[in-house]
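Just below is one structure, and these are the notes that go with it.
Values in this text are rule-based calculations from the coordinates and carry no lab data. The structure presented is a predicted model; accordingly, all values stated were derived computationally and were not measured. When we count neighbours, we look across all protein chains shown, and the Cβ atoms used for this are built from the backbone with ideal geometry, even at glycine.
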Amino acid sequence: MSLLSRLVAISLLGMGVASFAVIIERAWVLRRTDRESMEFASKSRSQFADGDIAGVLELARRFTRNPLARLTAIGVQTFQANERKDGGPTAAAELTRRELARKLELYSAEGRRGMGMLASIGSTAPFIGLFGTVIGIIVAFQGIASAGGGGIAAVSAGIAEALIVTAVGLIVAITSVLFFNYLSGRFDRLDMQMQHAAGELIDYLEGAHGHGGRDR
């Protein structure tokens, strides 16, 4: 294999390793987020039912990396900080809704960290593999020129290089695109769940205040 073909192959292998690292890390983050969100939701449900907002905030502090717990704490604290100001609970609910919308965008961006790299690898790997194919064909023609003929022995090495590099590029690209689509779907579903949770939280805070619930 020529030096340039080796460089192309090494580049593709490096992209494959980077893609695999992003896939494993993001899948682990999603798994941890799902597990912690279920645990937090299960434990906080009874506290919300009892109006124990202080207990909810204390519980949220135990899940510092979980977006649902962080979103809940921010929503409660924002509402409490603004409900006594001009405009009362209605204004506090609107301010809370805006703050939660900003945080949802932030958490979505945090969750999708590395996905841009995965998309870039999936879109560029085939072209890098094609570049390796071109190099392999050039090597094959060089073999023909040096051998003074077009026998199979003269072109087999170059063709083999072209096929190997092309195959590696396609494998990296297909794997990256498949997992990008899968992880994007998981993150889209998580975003929807977070938006639903934010809406329920605001409804609860408005309702608890309106019915004289214990929101301290």
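Below, the figures for the structure above:
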{"quantity": "Span-like helix ranges in the chain, DSSP H, alpha carbon extent 20 angstrom or more, Kyte mean at least -0.5", "calculated": "3-50, 67-82, 115-147, 152-210"}
{"quantity": "Net charge, Pro89 excluded, C-beta distance under 9 Å - Lys, Arg +1, Asp, Glu -1", "calculated": "-2"}
{"quantity": "Lys, Arg +1 and Asp, Glu -1 on Cβ, resulting dipole of the chain about Cα centre, debye, nearest 20", "calculated": "380"}
{"quantity": "Reported label for calculated Kirkwood radius over Cα pairs in Å given (i) 19.8; (ii) 18.0; (iii) 20.9", "calculated": "(iii)"}
